[in-house]
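Here's the structure we're looking at; comments come further down.
The values are calculated or read from the model by the stated rules, or taken from the named source; none is laboratory data. The model shown is predicted, which means the values in this text are computed figures rather than measured ones. Positions of Cβ are backbone-derived with ideal geometry, glycine not excepted, and every protein chain shown enters the neighbour counts.
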Amino acid sequence: MRPAEERFTRHLVEGESVQQLASGTLLEDAVRGTAAVGATDRRILCVSKTGEFVDVSYDYICSIESQRRTRTEYRSSDENDRLLPLLGGLLGVGVLAVIVAANVPLDAFGASFTVGLAAATVVVASAVEYVRVQSSISRAYAPVFVGAGVLTLLALVGVALFAPSVYVPLYLLVTLGGGGLVAYAARHREHLSGPGLERHPETHLSINTIDGETIRIAIDAETDFDRELSACVHRYEDSIVDRAVAGTVIE
């Protein structure tokens, strides 16, 4: 038996049977966090990892609301992941570019044109290097691509050096910084695992009681806990009615 199930069963009373058990998250202020959530034959019981619990007897439940939602969480990457250093380098280059552009008499068009020209230079240089090292590209076409790329690079550098609207220090900063980031990404491409964001579909249950309280629980959407809980409540209500009818004295 798993630890969560052991903690849950310790809170059962004599004769109480478990109809459905699932892992969920308590969204209450008093007891919050991952918990074992179970529907027994007489109540809903939620037991947290620390042993705290919330329970509601079925005869105190007046309504149950169920909604499907999606939770997005960040998955921590392994120690070899190079994405964060790459993003940090990109942010650093961007901050330096803004500082340089803000401290020179450069209008918006000149700054945008300089950054765009530098970005184009990085893209062309990266494409030339990719074609040069790839063995899958036909040897007959590779020299043509490389030659055309080199000519394009010379043209871009010539524009950067002689166009009056280009600020050369900013151009060099973005070109060298961007080129270094591209080279870093290419060298560590096997260790770039993506942003680490995962989406999990969940079922949010709002259990409203007769005294005006609401218990909120998030359950994995793959389970049918909400339907089973509703069925348990109805079975409990039917048993109450049956016992009341059976106990009626007929004169």
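For the range 84-112, the tally of residues that are closer than 14 Å to L172 by Cα and either of a type in the set (D, E, K, R) or in contact with a Phe, Trp or Tyr (Cβ under 9 Å, 6 or more places away or on another chain) (or both) stands at 3.
For A97, are the conditions met, namely being modelled with pLDDT of 85 or more and under 32 Å from the mean Cα position of the chain (by Cα)? Considered against the rule, which asks whether it is modelled with pLDDT of 85 or more and under 32 Å from the mean Cα position of the chain (by Cα), A97 comes out as no.
Could we say that V146 is in contact with a Lys or Arg (Cβ under 7 Å, 6 or more places away or on another chain) and either modelled with pLDDT of 85 or more or not charged (D, E, K, R) (or both) here? Yes.
Take A119 and tell me if it is at pLDDT 85 or above, of a type in the set (G, A, S), outside any strand (DSSP E or B) and surrounded by fewer than 16 Cβ atoms within 10 Å (Cβ to Cβ). Walk me through it before giving the result.
Numbers: at pLDDT 85 or above: yes; of a type in the set (G, A, S): yes; outside any strand (DSSP E or B): yes; surrounded by fewer than 16 Cβ atoms within 10 Å (Cβ to Cβ): yes.
Here the answer is yes, as A119 does meet what is asked.
Looking for something at pLDDT 85 or above, surrounded by 12 or more Cβ atoms within 10 Å (Cβ to Cβ), among the aliphatic types (A, V, I, L, M) and in the same structural domain as A160 (by TED's automatic domain parsing) - is there at least one such residue anywhere in the range 108-115? Looking for residues that are at pLDDT 85 or above, surrounded by 12 or more Cβ atoms within 10 Å (Cβ to Cβ), among the aliphatic types (A, V, I, L, M) and in the same structural domain as A160 (by TED's automatic domain parsing), one finds at least one in the range 108-115, hence yes.
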